Amino acid sequence: MLRKTRLFTPGPTPLLPAAQVAMASAGMHHRTAEFRALFTRTLADLKEFIGTSNDVLILASSGTGAMEASVTNLTSSGDQVLVLTAGKFGERWCDLAQTFGCQLDMVSVPYGQTFSAAEVRQKLTPGVRAVYVQATESSTGVRHDVEAIAKMVRAQAPQALLVVDAITGLGTTRLDVDGWGIDVIIGGSQKALMIPPGLAYLAVSERAWHRMESVRSPRYYFDLRKERKAAAKGESAFTPATALIAALGAALDYLRQGGEGSLPAGRDSLIAGAELCAEMTRAAVGALGLRLFAPAAPASALTAVVPPAGLDSGKIVAGLREKFGAVVANGQGEMKGKLFRVAHIGYYDYLDTIGIIGALEHVLAANGLPVELGVGLRAAQEVYAAASDAVQPAAARA
C-alpha cells in the first residue's frame with residue numbers, strides 16, 4: 001500500500017496548497033512597490049487575524065526570536081520579571097530572562113498542570129516589570145487561562161507589561177488581545193497559519209512602545225523600534241523572507257474566503273475547527289482506555305496522551321510513522337517516552353482526525369493491547385455528530 005506522509009505535530013503543521021503556490025511564485029525584490037503593497041496588506045490582515053488595533057510586526061525568525069525581542073525590548077538588566085512556567089516553553093522564558101540579566105521570579109507548576117489564581121496573585125508585586133506566559137504550553141497540551149491572568153496583572157501590578165507566547169494559541173484559542181490588555185502577543189508562521197517555519201509575528205501595545213524608550217538592554221536585529229519605523233513605509237528593517245510573506249498573505253486570504261469575506265469570521269472558524277478536532281480526539285482517547293496528560297485544562301491546539309502502562313510512547317510514535325506515515329510528536333525532554341502529542345493546528349479537518357484515531361487503534365493493537373477496533377472512532381464520530389446537529393437550524397433537524 002502506498003503511504004502518504006501526514007503531519008500531526010504541533011509545528012510545523014500541514015502546508016496550505018495556495019500558500020505553497022504563492023511561495024513558489026514569489027520572485028519579487030523586497031525594495032519595490034510590488035513587495036511594499038504585499039507587505040502592507042499582510043500586516044493589516046495580521047491585525048485582523050490577531051484581533052487587535054495595536055501595531056503588528058513580522059520578523060524573519062522562528063517564534064523564539066520574537067520571544068527574545070520581548071525580553072530585550074521591554075526589560076533592562078536587573079529588572080524584576082515574573083515567568084509563569086508549566087513546561088519546556090515556559091522554561092524558555094526563564095532562560096531568556098536570565099540570559100539578559102533580569103531578576104527572575106517564577107510561578108512554576110508540574111508538567112500537565114496550570115497555575116492557580118492564588119499562586120499568581122502572590123507573586124504580582126509592585127516591583128514586577130513584565131509577566132511572561134504561554135497561552136498554550138505545547139510541550140504538555142495545557143491551556144492557560146490568559147484572561148484571568150491578565151485581570152490579575154492589571155489589578156495587582158498595573159505597572160507590569162503582560163507578554164503572551166501564543167505561537168500555538170493564535171488560531172486555536174479565543175484571545176481578546178486589546179480587551180484583556182495583552183501588551184505583546186506572539187505568533188509563528190508554522191502553526192495555525194499553515195506555512196513553513198521562518199516567520200514570527202507580534203502585536204505590541206502603546207504601553208510596550210513607551211517602555212522601549214527607557215530600556216537599556218542592547219538590541220540590534222531584534223530592535224522592534226526599527227521594525228516599526230520600517231513597517232510604516234511598507235518595508236522591513238532587514239531583508240525579509242519574501243516568499244514566506246507571500247505565503248502568509250495567501251493563507252490570510254484563504255481564511256477570509258472561509259469567513260465569506262470576513263477575516264475575523266475565518267479565524268473564528270479555524271478556532272472552532274481546532275476545538276472540535278481536539279474534542280473528538282479526547283473522546284477517542286477516553287474510549288480507548290488511555291489517559292490525557294492535561295485533563296484539567298486541555299488545549300485545543302494539541303492533545304497530549306499518556307501511553308498505556310509499560311509502553312514507551314516512542315513505540316506509538318514510531319508505529320504511526322512506519323505503518324501509516326503519520327507523524328506525531330513524542331514528549332520533550334524529561335517527558336520523552338511518557339506521552340505523545342497529536343496536533344489540531346491549522347489545516348486539519350474531520351477526516352484527518354478520523355484517520356489518526358483509526359491509525360492509533362491499529363498501532364495500539366499491534367503493541368499487544370486489547371483494543372476493540374472502532375471504539376475510538378465511534379466516540380469521535382459521536383462528538384462530531386452532536387456538534388453538527390447543534391449548528392443545524394431546528395427545521396432541518398425536524
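The values are calculated or read from the model by the stated rules, or taken from the named source; none is laboratory data. Just so we're clear, the structure is a prediction, and the values are computed from it rather than from any experiment. Please note: Cβ atoms are built from the backbone with ideal geometry, for glycine as well, and neighbour counts cover all protein chains shown.
If I ask for residues that are over 20 Å from Leu202 (Cα atoms), surrounded by 13 or more Cβ atoms within 10 Å (Cβ to Cβ) and either modelled with pLDDT under 95 or touching a Gly at 6+ places or on another chain (Cβ under 8 Å) (or both), which ones from region 1-15 would you list?
Of all residues in region 1-15, those over 20 Å from Leu202 (Cα atoms) come to 1-9, 14-15.
After this cut, where a residue has to be surrounded by 13 or more Cβ atoms within 10 Å (Cβ to Cβ) as well, the list is 6-9, 14-15.
Listed by number, the residues that qualify are Arg6, Pro14.
Within region 350-377, being within 21 Å of Ala318 (Cβ to Cβ) and among the hydrophobic types (A, V, I, L, M, F, W, C) holds for Ile356, Ile357, Ala359, Leu360, Val363, Leu364, Ala365, Ala366, Leu369, Val371, Leu373.
Listed here are the residues, each with its yes/no results for (1) more than 19 Å from the chain's Cα centre (by Cα); (2) in contact (Cβ under 8 Å) with a residue 12 or more places away in the chain; (3) over 28 Å from Ala329 (Cα atoms).
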{"residue": "His30", "(1), (2), (3)": "yes, yes, yes"}
{"residue": "Ala33", "(1), (2), (3)": "yes, no, yes"}
{"residue": "Arg36", "(1), (2), (3)": "yes, yes, yes"}
{"residue": "Thr64", "(1), (2), (3)": "no, yes, no"}
{"residue": "Thr75", "(1), (2), (3)": "yes, yes, yes"}
{"residue": "Gly90", "(1), (2), (3)": "no, yes, no"}
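Does Pro298 satisfy being more than 22 Å from Leu351 (Cα to Cα) and of a type outside the set (D, E, K, R)? Considered against the rule, which asks whether it is more than 22 Å from Leu351 (Cα to Cα) and of a type outside the set (D, E, K, R), Pro298 comes out as no. With respect to being outside any loop (DSSP other than H, G, I, E, B) and surrounded by fewer than 19 Cβ atoms within 10 Å (Cβ to Cβ), Ala18 fits the description.
Only a single criterion out of (1) in the same structural domain as Ala380 (by TED's automatic domain parsing); (2) surrounded by 23 or more Cβ atoms within 10 Å (Cβ to Cβ); (3) aliphatic (A, V, I, L, M); (4) over 19 Å from Leu175 (Cα atoms) is not satisfied by Ala246, namely (1).
If only one of Arg121, Arg154, Arg143 is closer than 30 Å to Asn330 by Cβ and charged (D, E, K, R), which one is it?
Values: Arg121 fails: closer than 30 Å to Asn330 by Cβ; Arg154 fails: closer than 30 Å to Asn330 by Cβ.
None of the other options fit; the residue is Arg143.
For every residue, the table says whether it meets (1) without any contact (Cβ under 8 Å) to a residue 60 or more places away in the chain; (2) closer than 24 Å to Leu16 by Cα; (3) among the polar types (S, T, N, Q); (4) assigned to a loop (DSSP other than H, G, I, E, B).
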position: Leu311; (1), (2), (3), (4): yes, no, no, yes
position: Ala359; (1), (2), (3), (4): yes, yes, no, no
position: Gly368; (1), (2), (3), (4): yes, no, no, yes
position: Val371; (1), (2), (3), (4): no, no, no, yes
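When region 274-309 is filtered for residues that are closer than 13 Å to Leu339 by Cα and part of a strand (DSSP E or B), the ones remaining, listed by number, are Arg291, Leu292, Leu302, Thr303, Ala304, Val305, Val306.
Could you grab the pairs with beta carbons closer than 9 Å, sequence gap of 6+ or different chains, first residue in region 142-166 and farther than 26 Å from Ala304 by Cβ, second one acidic (Asp, Glu) and surrounded by 24 or more Cβ atoms within 10 Å (Cβ to Cβ)? That search, which allows pairs on different chains as well, returns Ala160/Asp183; Leu161/Asp183.
Yes/no matrix, rows are residues, columns are (1) surrounded by fewer than 18 Cβ atoms within 10 Å (Cβ to Cβ); (2) at pLDDT 95 or above:
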{"residue": "Gln257", "(1), (2)": "yes, yes"}
{"residue": "Pro264", "(1), (2)": "yes, yes"}
{"residue": "Cys277", "(1), (2)": "no, yes"}
{"residue": "Leu290", "(1), (2)": "no, yes"}
{"residue": "Pro307", "(1), (2)": "no, yes"}
{"residue": "Ala329", "(1), (2)": "no, yes"}
{"residue": "Glu334", "(1), (2)": "yes, no"}
{"residue": "Arg341", "(1), (2)": "no, yes"}
{"residue": "Gly346", "(1), (2)": "no, yes"}
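Would region 86-106 turn up any residue that is touching a helix residue (DSSP H, G or I) at 6+ places or on another chain (Cβ under 6 Å) and among the β-branched types (Val, Ile, Thr)? No.
The criterion of at least 1 residues that are outside the structural domain of Lys338 (by TED's automatic domain parsing) and either closer than 30 Å to Gly249 by Cβ or at pLDDT below 95 (or both) is met by the following strands (runs of 3 or more DSSP E) wholly inside region 90-209: 128-134, 161-165, 184-188, 200-204. With respect to (1) surrounded by fewer than 23 Cβ atoms within 10 Å (Cβ to Cβ); (2) closer than 30 Å to Arg129 by Cα, the lone exception for Gly63 is condition (1). In region 250-259, is there at least one residue being free of Cβ contacts under 8 Å to residues at least 60 places away in the same chain and out of contact with any Asp or Glu (no Cβ under 8 Å at 6 or more places or on another chain)? For region 250-259, residues free of Cβ contacts under 8 Å to residues at least 60 places away in the same chain and out of contact with any Asp or Glu (no Cβ under 8 Å at 6 or more places or on another chain): present. Only a single item in (1) within 23 Å of the chain's Cα centre (by Cα); (2) crowded, with 20+ Cβ neighbours inside 10 Å; (3) over 24 Å from Gly258 (Cα atoms) is not met by Asp79, and it is number (1).
Yes/no per residue for (1) in contact with a Lys or Arg (Cβ under 8 Å, 6 or more places away or on another chain); (2) without any contact (Cβ under 8 Å) to a residue 24 or more places away in the chain; (3) outside the structural domain of Ala380 (by TED's automatic domain parsing):
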position: Ala272; (1), (2), (3): no, yes, no
position: Thr281; (1), (2), (3): no, no, no
position: Val305; (1), (2), (3): yes, no, no
position: Phe324; (1), (2), (3): yes, no, no
